[in-house]
Amino acid sequence: QECSKKQKNDDTQSTSVGALSSNDGFEEKNEFHTLANAKILLSDCLACDNCMTSEEGARVFQQNQKELFHILNLNKKCDTSKHKVLAVSICPQSLPYFAAKFNLSVNDAAKRLCGFLKSLGVHYVFDTTIAADFSILESQREFVQRYQRRNQEEHALPMFASACPGWIRYAERVLTNLVTSHICTAKSPQQIMGSLVKGYFARQQNLSPDKIFHVVVAPCYDKKLEALREDFYTALYNSQEVDCVLTSGEIVQIMEQKNVSMKDVTEVAVDSLFDEVKEGDVVRHDGKRSDGYLEHIFKHAAKELFGMDVKEITYKALKNKDFQEVTLEKDGETVLRFAAAYGFRNIQNMVLKLKKGKFLYHFVEVLACPGGCLNGKGQAQTEDGKPDKALLNQMEEVYAAIPVRLPETNMHVQKMYQDWLEGMDSKKVQETLHTKYSAVNQTASNLDIKW
């Protein structure tokens with residue numbers, strides 16, 4: 001069965017957009033009304049009708065600029081009981097897009113983006129790097145534990161990374177139990193940031209989680225789907241961890257429609273989750289185009305399991321530049337074999353080997369987008385929907401130049417493990433930083449969808 005994303009039927013797409021958007025209902029005449037009709041097409045997203053229900057489709061379409069403007073407008077009205085604290089969290093892979101597009105340094109881009117969002121009425125702007133710190137640390141620990149249990153548990157290894165929602169959706173809806181038991185249980189940086197904002201930060205500010213409207217700026221549309229997952233919803237407060245996801249491109253659309261240039265915006269320092277402290281210069285994790293799960297887990301496992309201190313990692317390209325492997329040898333024996341598999345062609349080849357029992361890897365960093373997160377369809381695209389290669393090359397240069405900070409060296413993270421999460425091995429860590437992935441019954445035949 002062919003993935004329906006391949007069907008280029010403009011009439012069908014237009015009809016689905018109209019049907020799914022019909023619940024918009026009203027059109028308030030306020031200073032944001034000219035922006036309210038901005039939409040996304042599911043043809044721009046990884047998800048297709050083979051792995052998305054109509055209800056999910058409707059909810060995804062609600063996650064557009066109109067949701068943000070609706071909250072901004074409510075906050076300008078007299079009924080303070082309906083006011084929300086607006087918090088925006090920005091993914092590290094979005095910042096190089098703004099820097100390259102507007103010819104700014106990444107630090108200037110972060111401050112100007114913060115200034116623009118606050119000029120709209122946003123109260124707090126955060127960097128999600130701290131959430132990636134938690135996600136990487138939890139993934140490192142889980143890999144070591146799985147490796148140590150590999151002879152006792154059939155599904156301990158290989159372990160697949162869990163940060164890419166497009167990959168997770170494909171695994172749960174199409175690949176089922178063949179793969180889901182191998183996925184790392186650590187939540188993605190986006191959803192850990194949701195826990196930090198609606199949990200830790202809400203408590204610090206003495207706010208109920210439902211009084212915070214949390215927006216994430218991300219490189220791809222699949223993050224909208226991730227925000228809707230039932231396991232990221234708290235019934236007690238009737239609140240999602242992330243209320244709305246806007247792509248980097250959608251933020252630029254807002255700027256364009258308001259005739260605002262990034263270079264004309266006042267620079268404002270990005271907020272911190274901790275009291276009145278502001279964030280310093282932008283930092284990133286190891287990894288050329290993503291949060292670097294492979295590199296961090298590989299170095300940690302080499303140290304913890306084999307007492308080897310790996311400084312530099314050498315990638316070996318296999319069939320193409322988006323499928324690469326890294327190995328660790330000790331006493332002439334290969335003791336660790338990791339891979340990076342980006343794009344669905346490589347993912348399919350990987351799963352086929354797993355199915356045939358010819359899988360050699362202990363860990364795979366899986367990303368749905370060829371080229372990794374910087375190449376997310378919500379930012380690195382031309383107007384006709386094709387990859388903007390020149391812009392992507394600039395973004396990669398910008399990203400590579402950002403200083404690397406190891407998650408282990410973040411003192412705020414270490415303090416939060418003790419003060420907020422009650423220790424690294426606590427039940428609260430499992431409840432707050434982890435989730436479960438499981439097969440979802442679908443009508444599509446399991447391994448026959450061709451992407």
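The values are calculated or read from the model by the stated rules, or taken from the named source; none is laboratory data. For clarity, every value in this text was computed on a predicted model and none was experimentally measured. As a convention, Cβ positions derive from the backbone with ideal geometry for all residues, glycine included, and neighbour counts pool all protein chains shown. Surface areas here come from the heavy atoms of the whole protein model, side chains and all, with no ligands, DNA or RNA. Shrake-Rupley method; radii C 1.70, N 1.55, O 1.52, S 1.80 Å.
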Answer residue from region 258-276, given it is open to solvent by 80 Å² or more (accessible area, probe 1.4 Å) and at pLDDT below 90 and is nearest to Cys373 (Cα to Cα) among those: Lys263
Region 104-123 - residue that is touching a residue at least 60 places away in the same chain (Cβ under 8 Å) and open to solvent by 60 Å² or more (accessible area, probe 1.4 Å) and, of those, nearest to the chain's Cα centre (by Cα): Lys111
Qualifying residue in region 137-156 (condition: open to solvent by 10 Å² or more (accessible area, probe 1.4 Å), of a type in the set (Ser, Thr, Tyr) and either out of contact with any Cys (no Cβ under 9 Å at 6 or more places or on another chain) or more than 18 Å from Phe359 (Cα to Cα) (or both)): yes
Residue check, Glu396 under 21 Å from Val217 (Cβ atoms), in a helix (DSSP H, G or I) and modelled with pLDDT under 95: yes
Residue check for Leu246: of a type outside the set (Val, Ile, Thr) and under 27 Å from Leu421 (Cα atoms): no
In region 64-86, residue modelled with the lowest pLDDT [restricted to those that are closer than 20 Å to Val216 by Cβ and among the basic types (Lys, Arg)]: Lys66
Counted residues, region 140-155 - those being in a helix (DSSP H, G or I) and either within 24 Å of His412 (Cβ to Cβ) or of a type in the set (Lys, Arg) (or both): 6
Region 282-296, subset modelled with pLDDT of 90 or more and assigned to a loop (DSSP other than H, G, I, E, B), residue surrounded by the most Cβ atoms within 10 Å (Cβ to Cβ): Val282
Selection from region 125-139 of residues that are part of a helix (DSSP H, G or I) and over 14 Å from the mean Cα position of the chain (by Cα): Leu137, Glu138, Ser139
Test result for Glu226, in contact (Cβ under 8 Å) with a residue 24 or more places away in the chain, of a type in the set (Asp, Glu), open to solvent by less than 50 Å² (accessible area, probe 1.4 Å) and not assigned by the TED database to the domain that holds Tyr399: yes
Those strands (runs of 3 or more DSSP E) lying entirely in region 297-391 with at least 2 residues open to solvent by 20 Å² or more (accessible area, probe 1.4 Å), modelled with pLDDT of 90 or more and of a type in the set (S, T, N, Q): 323-330
Exclusive hit being touching a residue at least 24 places away in the same chain (Cβ under 8 Å), in contact with an Asp or Glu (Cβ under 8 Å, 6 or more places away or on another chain), among the small types (Gly, Ala, Ser) and assigned by the TED database to the domain that holds Arg337, set Ala171, Ala163: Ala163
Positions within region 407-426 being closer than 19 Å to Gly292 by Cα, open to solvent by 70 Å² or more (accessible area, probe 1.4 Å) and in contact (Cβ under 8 Å) with a residue 12 or more places away in the chain, in sequence order: Glu408
